[in-house]
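Quick notes on the structure that follows.
The values are calculated or read from the model by the stated rules, or taken from the named source; none is laboratory data. Fair warning: this is a prediction, and the values are worked out from it, not measured in the lab. Heads up, the Cβs are rebuilt from the backbone with ideal geometry, glycines too, and the neighbour counts pull from every protein chain shown. To get the accessible areas, we keep the full protein, side chains included, count just its heavy atoms, and leave off ligands, DNA and RNA. Shrake-Rupley method; radii C 1.70, N 1.55, O 1.52, S 1.80 Å.
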Amino acid sequence: MAREILKVENITKRFGGLLALDHVSFYVNEGEILGLIGPNGAGKTTMFNVITGVYKPEEGRVYFKGRDITGMKPHSIARLGISRTHQIVKPFGDLTVLENTMIGALFGPRHDTITEDEAREIALSVLEFVGLRDKAEMPARLLNIQEKKRLELARALAQEPELLLLDEVLAGLNPSEVAKMIKLLRKVRDEKKITMIMIEHVMHAVMNLADRIVVLHFGRLIAQGTPEEVATNPEVVAAYLGDPEMALKFVKRLRR
Amino acid sequence: MAPGKGLMLAFTRKGFYLSLALLAVFIVIGVLFWYGRIGANIPGYAMDAMYYIGIALSMAIIMSYAGYVSFGHVVFYGVGGWTLVYTFNRLASESGVLSFLHGHSYAILVVGTLLGMALAVLLAVTVGAAVLRLRGAFFAIATIGLDYVILYLESLYATGGSDYMYIGYERFLEKTYFLYLAGLILTVLIAYIIRVSKFGYGLAAIREDEDAAEVLGVNTYRYKVQAFAIAAAMAALWGSLSSWRTSGIFPDFFSLSKSVDMIVMNVIGGLGTFNGPIIGSLIYYVIIKATQLYAKDLAYIIVGAIVIIVVSVFPEGVAGLIKSKYRQLREYLI
Amino acid sequence: MAVELSSQLLVSNTLSGLVYGLMLGALASGLTLIWGVMKVVNLSHGYLVVTGMLTSVIFYKYILNVSPTLSPALAFVIGALVGIAFYYSSLHLIIGKAETMTLKIEMSSLMSTFGFGILILGIITFAVNRGWILSNEGLSGWTLSIHGKTYLEVAGTHLEYTKLLGAGLGVVLVLVTELFLRKTVWGLAIRAVAEDSRAVALTGYDPVKVKLLTTIISTIMALIAGALYAIYLSSGISVGLESQIAPLSFVIVVLGGLGSLIGTLIGGLIIGLTYNITLALTGHSEISLSVAFAILLIILIVRPKGLFGR
Ligand SMILES: Nc1ncnc2c1ncn2[C@@H]1O[C@H](COP(=O)(O)OP(=O)(O)O)[C@@H](O)[C@H]1O
Ligand SMILES: [Mg+2]
């Protein structure tokens, strides 16, 4: 029986009159990859912001490994072992790629014991892992968009999190970059065994990587299940997917 | 950051060489002065330079390291100077609570300086803690307001007595020189340790993107308040030292223009580096001195033009400029 | 008897506070425009106002000997020139190409306007040191009298015509600018920039031109308001006034909400009244100013967008 690592319960988040999240509940099991999908403005990023403590929900609770973390400050949540990437990348522009990544390591769950040398080692190995080792000494602002996304990932991985939240890491990449990034995410799952929630618009990627999928639409959770179940759910299709045949074909071809 | 070996090694890094060289120069000047080999002119210039480096580094902790431009920083400098004078004239007077110190000028100096620093820290963690909830321009403006409030209240207080408060103890320039040197060494060490420590990385993250820093586990608010308090203590230290040197405080001890000096030195030197504010303050001192000597009328015009040019053409400042032009010097200019 | 006296004092301070408040609102209006529209926190604003004051004095006393009532027209011309110089020297390289204002760009422009302010201070100091103008100027010999009186009497309070004229024209300045922003295509473009620099490109206007225009208008407003303030004050005009004008303008703009011209008039009234009434109560202008800044600090911390801001 898989252990639940994260559970969100009845989360409601409003921005003025706008109901960005409407009583949303779901869970993630340890070791799993959960896909979080839905049209633009569905509330996906907002859900990440609620989980990481950036926003306080009006209603509902967030549990991480059974512990209620609702209302905790973002830095405390990060230190518990939840790391994220940002949809709109936020590199520390004037710092080097290595420094960016070291900051991830220094302030993660091991923040009170880690030394600078250890942080540097972790950062270097993570940069090697994501393929940015040769850019380590470069100021982060000089990276291209694909590299900046990798840096977001590196910074999060350097924290050695138990749960990784990925916000559209594939958006804005060209097809060959997408392929590389998918390979990288596979590596994260297989080698680092980190639980992940990924928000993604690139459908074949989610359908392939995710064990289960949760679908948001105008702030409401309209479906959850395996990729196959979700892809054939009529409500989801109506809301979003367009062509279930296509999606299923994808799934089958790539799974083989 | 774990202290000990790592920290000791940090001082052997190339980034600290400039400071070591400067300190060596100041020590040599001090020794020559002490033994009467040189007159008071050169030590006077050296003390000016130490003062500029000191206040620039105190501002750097909050402005250059953490990215918060504080126009109110002079308040802490003023508090330092004011407290020292108050300690001399009231607390350690024959009838004051510290009357047992009366007559021991150096003991009063130390106690007064520490009191001033403590008061500055207290002010920083109370008022500052509220102001530090603001960001960017709003923070800058709030600190302008803070400075004016203190300035007006102080002038109200000062008009009750004399506007120039005098320290009536005999001082020896040679000793004052070494006090400045001690202040400088302390300031440089603190700034450098912060810059290369985990705390410094956290501040850098705040400067670059505060939200991202928070989400990465940096306790941004606490770091900001701590940086503000340390910067305040350092400013108070220099306020105290310079009121000792000038034997009292003038109303301009709280004037916005000192904050301006501190800000401009950091801008010229380049934000985010340890050596930038040091280089910036030396350049600024030379400019100020030269304009005082040769073009007194043009002082503000020159400073204004420099700020505009640096901000819009070389936003990374002198240190940043050198770093990007000469990659081999990068390690020296952290 | 004592009660009557103090209530009379209160009435007169309230009335003069209202006039002062409208004047202050006009003084701050240029700042709210550039800050609200372009997110440029113009730290040279106070010096621009002083430039306007001195423009008025210089033309009156040293050059043309024209009546100060014509000085707004001169301030308009000089303001346009200074505005162009301001934009191209201190802003263009930083914000010209920027599509959205990041925190870094905001801080850079804050610093460069700060430099521009020091530059103006330098030029004025230079002129004073060379003896071209006095350090403490006035429109000496000029008064405004109607039917042989220099003041209007309202509820036992003397409101000088010079003050009424300065503040009144200040209100006109703000209203005219508001009309310009609402009724002209350029005004529309400027308001579009306030939303998003890219939106302007859609309207077909060159964003750089719109930024330049906004800077010029803001500068003209500062100079005209300065010229009017010279009329209002009549004497004691010096660069030192910057240290009151600039911080009070910030207080007022924050109170009124960034970018809201009408808001600055309201903010000005609040500060003008607060100032005069605390002055009447305490007798110290230092305390009045401190109260104004205490309000600023509290508003910034409790409601950073201002009382009336979005
Ligand atoms: N800070 C905010 N203030 C106001 N509205 C917001 C804010 N953040 C998100 N929203 C709104 O909430 C809705 C959900 O946004 P978001 O979570 O970013 O969607 P997405 O699913 O595309 O990530 C959108 O309508 C968005 O405009
Ligand atoms: Mg999103």
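Could you please tell me which pairs satisfy a Cβ distance under 9 Å, a separation of 6+ or placement on different chains, a first residue in the stretch B:12-27 that is assigned to a loop (DSSP other than H, G, I, E, B), and a second residue that is surrounded by 13 or more Cβ atoms within 10 Å (Cβ to Cβ)?
B:R13/B:V196; B:R13/B:I334
Tell me which helices (runs of 4 or more DSSP H) are completely within the stretch A:138-243 and hold 3 or more residues being of a type in the set (V, I, T) and surrounded by 20 or more Cβ atoms within 10 Å (Cβ to Cβ), or say none if there are none. Break it down into steps so the answer makes sense when it comes.
Values: elements: A:145-158, A:175-187, A:203-209, A:227-232.
Helices (runs of 4 or more DSSP H) meeting the threshold: none at all.
Quick check on my filter: what residues within the stretch B:175-185 are in contact with a helix residue (DSSP H, G or I) (Cβ under 7 Å, 6 or more places away or on another chain) and either of a type in the set (A, V, I, L, M) or not in a helix (DSSP H, G or I) (or both)? Break it down stepwise before answering.
First, the residues of the stretch B:175-185 that are in contact with a helix residue (DSSP H, G or I) (Cβ under 7 Å, 6 or more places away or on another chain): B:176-181, B:183-185.
B:L179, B:L181, B:L184, B:I185 - these are the residues of the stretch B:175-185 that are in contact with a helix residue (DSSP H, G or I) (Cβ under 7 Å, 6 or more places away or on another chain) and either of a type in the set (A, V, I, L, M) or not in a helix (DSSP H, G or I) (or both).
Restricting to the stretch A:145-190, and then to whatever is of a type in the set (A, V, I, L, M) and within 16 Å of ligand 1 (Cβ to nearest atom), can you tell me which residue is nearest to A:D112 (Cα to Cα)?
In the first step, residues of the stretch A:145-190 are kept if they are of a type in the set (A, V, I, L, M); the result is A:145, A:151, A:153-154, A:156-158, A:163-166, A:169-171, A:173, A:178-179, A:181-182, A:184-185, A:188.
Those still in the list that are within 16 Å of ligand 1 (Cβ to nearest atom) too: A:165-166, A:169-171.
Working: A:L165: 23, A:L166: 25, A:V169: 29, A:L170: 33, A:A171: 35 Å.
The residue in question is A:L165.
Among the residues of the stretch A:9-23, which ones are within 16 Å of A:V215 (Cα to Cα) and in contact with a helix residue (DSSP H, G or I) (Cβ under 7 Å, 6 or more places away or on another chain)?
A:I11, A:A20, A:L21
Restricting attention to the stretch B:217-238, report how many residues are out of contact with any His (no Cβ under 8 Å at 6 or more places or on another chain) and within 7 Å of chain A (Cβ to nearest Cβ).
The qualifying residues number 0.
What's the number of the only condition in (1) at pLDDT below 90; (2) open to solvent by 30 Å² or more (accessible area, probe 1.4 Å); (3) under 24 Å from C:S44 (Cα atoms) that B:A305 fails to meet?
(1)
Would you confirm, using the coordinates I've provided, whether A:V89 is under 30 Å from B:G272 (Cβ atoms), within 16 Å of ligand 2 (Cβ to nearest atom), within 14 Å of the chain's Cα centre (by Cα) and part of a loop (DSSP other than H, G, I, E, B)? Please lay out each step first, then the result.
Values: under 30 Å from B:G272 (Cβ atoms): yes; within 16 Å of ligand 2 (Cβ to nearest atom): yes; within 14 Å of the chain's Cα centre (by Cα): yes; part of a loop (DSSP other than H, G, I, E, B): yes.
Spelling it out, A:V89 is indeed under 30 Å from B:G272 (Cβ atoms), within 16 Å of ligand 2 (Cβ to nearest atom), within 14 Å of the chain's Cα centre (by Cα) and part of a loop (DSSP other than H, G, I, E, B).
Consider B:V264 carefully, then state whether it is within 14 Å of another protein chain (Cβ to nearest Cβ) and open to solvent by less than 10 Å² (accessible area, probe 1.4 Å). Full working, then the answer.
On the way: within 14 Å of another protein chain (Cβ to nearest Cβ): yes; open to solvent by less than 10 Å² (accessible area, probe 1.4 Å): yes.
It is true that B:V264 is within 14 Å of another protein chain (Cβ to nearest Cβ) and open to solvent by less than 10 Å² (accessible area, probe 1.4 Å).
Which residue pairs have Cβ atoms closer than 6 Å, lie 6 or more positions apart in sequence or on different chains, and pair a first residue in the stretch A:35-47 that is more than 18 Å from A:R212 (Cα to Cα) and of a type in the set (V, I, T) with a second residue that is near ligand 1 (Cβ under 6 Å from one of its atoms) and not in a helix (DSSP H, G or I)?
A:T46/A:A20
From A:G131, A:G108, A:G81, A:G53, grab the single residue that is within 14 Å of chain B (Cβ to nearest Cβ), away from ligand 2 (no atom under 16 Å from the Cβ) and under 16 Å from A:L151 (Cβ atoms). It would help to see each step written out before you state the result.
Values: A:G131 fails: within 14 Å of chain B (Cβ to nearest Cβ); A:G81 fails: under 16 Å from A:L151 (Cβ atoms); A:G53 fails: under 16 Å from A:L151 (Cβ atoms).
From the options A:G131, A:G108, A:G81, A:G53, the qualifying one is A:G108.
Do the conditions hold for A:Y63, that is, is it among the aromatic types (F, W, Y), open to solvent by 10 Å² or more (accessible area, probe 1.4 Å), within 19 Å of the chain's Cα centre (by Cα) and within 14 Å of ligand 2 (Cβ to nearest atom)? Break it down stepwise before answering.
Numbers: among the aromatic types (F, W, Y): yes; open to solvent by 10 Å² or more (accessible area, probe 1.4 Å): yes; within 19 Å of the chain's Cα centre (by Cα): yes; within 14 Å of ligand 2 (Cβ to nearest atom): no.
No; evaluated as a whole, the condition is false for this residue.
Quickly run through the stretch A:19-50 and pick out the residues that are among the small types (G, A, S) and either within 16 Å of ligand 2 (Cβ to nearest atom) or within 14 Å of another protein chain (Cβ to nearest Cβ) (or both). Steps first, answer last, please.
Of the stretch A:19-50, the ones among the small types (G, A, S) are A:20, A:25, A:31, A:35, A:38, A:41-43.
Matches in the stretch A:19-50: A:A20, A:G35, A:G38, A:G41, A:A42, A:G43.
Residue by residue through the stretch A:40-93, note down the ones that are aromatic (F, W, Y) and within 16 Å of ligand 1 (Cβ to nearest atom). It would help to see each step written out before you state the result.
Narrowing the stretch A:40-93 to residues aromatic (F, W, Y): A:48, A:55, A:63-64, A:92.
Answer for the stretch A:40-93, where residues must be aromatic (F, W, Y) and within 16 Å of ligand 1 (Cβ to nearest atom): A:F48, A:Y55.
Out of curiosity, is C:T51 on the phi < 0 side of the Ramachandran plot and either free of Cβ contacts under 8 Å to residues at least 24 places away in the same chain or open to solvent by 10 Å² or more (accessible area, probe 1.4 Å) (or both)? So that I can check it myself, show each step before the final result.
Details: on the phi < 0 side of the Ramachandran plot: yes; either free of Cβ contacts under 8 Å to residues at least 24 places away in the same chain or open to solvent by 10 Å² or more (accessible area, probe 1.4 Å) (or both): yes.
Yes; evaluated as a whole, the condition is true for this residue.
Within the stretch C:32-98, considering only helices (runs of 4 or more DSSP H) that don't extend past its boundaries, which have at least 3 residues that are among the β-branched types (V, I, T)?
Working: elements: C:45-57, C:71-86, C:92-95.
Because the criterion is at least 3 residues that are among the β-branched types (V, I, T), the helices (runs of 4 or more DSSP H) in the stretch C:32-98 that meet it are C:45-57, C:71-86.
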